[in-house]
Amino acid sequence: MVPNLRASKIEGQSNFVNPGLFLLNAAFEAEVTPKLKTVLNVNYLQFVDTASLEIFGNQSAISSPIGLDYGLGIIYRPFLNNNAIFILSATALTPFSGFKDLYETGKTRYALFTSLIFTY
C-alpha cells in the first residue's frame, strides 16, 4: 500500500504532496516440508503526515493510524524445483481510526488470492 494522491489527466491538477507511510513489519517463514513452505506476515500501517489528506478530502482531524494488515501464505513446489509453483494466500486489514476517518467504515477487509507459476 502506497498512499498516493496523484490524479489522472481527466481528474485535473495532480497533487504530489503525499501523506507518507510508516510501515512496521514482522514476518515468519517456515519450510514445513521440502515441497511446502508457509509465510506469516503482519504489518502496522500509519500515515506520516495527514495534512495533505485533510486538504484533499476537505476533512479536518484525520488520524494517523491506518490499520493492521496480516496474512498467511502457502507456497507449494510439487517437483522440488521452480518449474511449477502454486501460491495460496489470505490477508486481512483491520482498520484503525485513520482508515475510519477517510472511509467511514470500521469493517475488517479480507482478500484471498492464488497464483500459479509455470516455467519451461
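None of the figures in this text is laboratory data; all of them are computed from the coordinates on show. Predicted, not measured: the structure shown is a model, and the values here were computed from it. Note that each Cβ is placed from the backbone with ideal geometry, even for glycine, and that neighbours are counted across all protein chains shown.
Would you mind calculating the relative contact order of the chain from Cα pairs under 8 angstrom and at least 6 residues apart, reporting the percent as a whole number?
So the answer I get is 19 percent.
So for region 70-120, averaging the separation of alpha carbon pairs under 8 Å that are six or more residues apart and normalising by length, what relative contact order in percent results?
39 percent.
Among A30, A90, A51, which one moves the most in a GNM of the chain with springs linking Cα atoms closer than 10 Å?
Result for the chain, Cα springs under 10 Å: A30 fluctuates most.
Explain nothing, just the number: dipole magnitude of the chain about its Cα centre with +1 on each Lys and Arg Cβ and -1 on each Asp and Glu Cβ, in debye rounded to the nearest 20.
400
Given the DSSP H assignment, sum -39500 (n - 2.57) over each helix run of at least 4 residues in the chain and divide by its residue total; what's the result at 222 nm in deg cm²/dmol, nearest 500?
Dividing the helical sum by the residues of the chain leaves -2500 deg cm²/dmol.
With springs connecting C-alpha atoms under 10 Å apart, model the chain as a Gaussian network and identify which of I55, I66, I75 has the largest mean-square fluctuation.
I55
Of A26, Y44, F96, which is farthest along the charge dipole of the chain in the positive direction, counting Lys and Arg as +1 and Asp and Glu as -1 at C-beta?
Most positive-ward Cα: A26.
Average the reciprocal distances over every distinct pair of alpha-carbons in region 21-118, invert the result, and give the Kirkwood radius in Å.
With all distinct Cα pairs of region 21-118 included, I get 15.5 Å.
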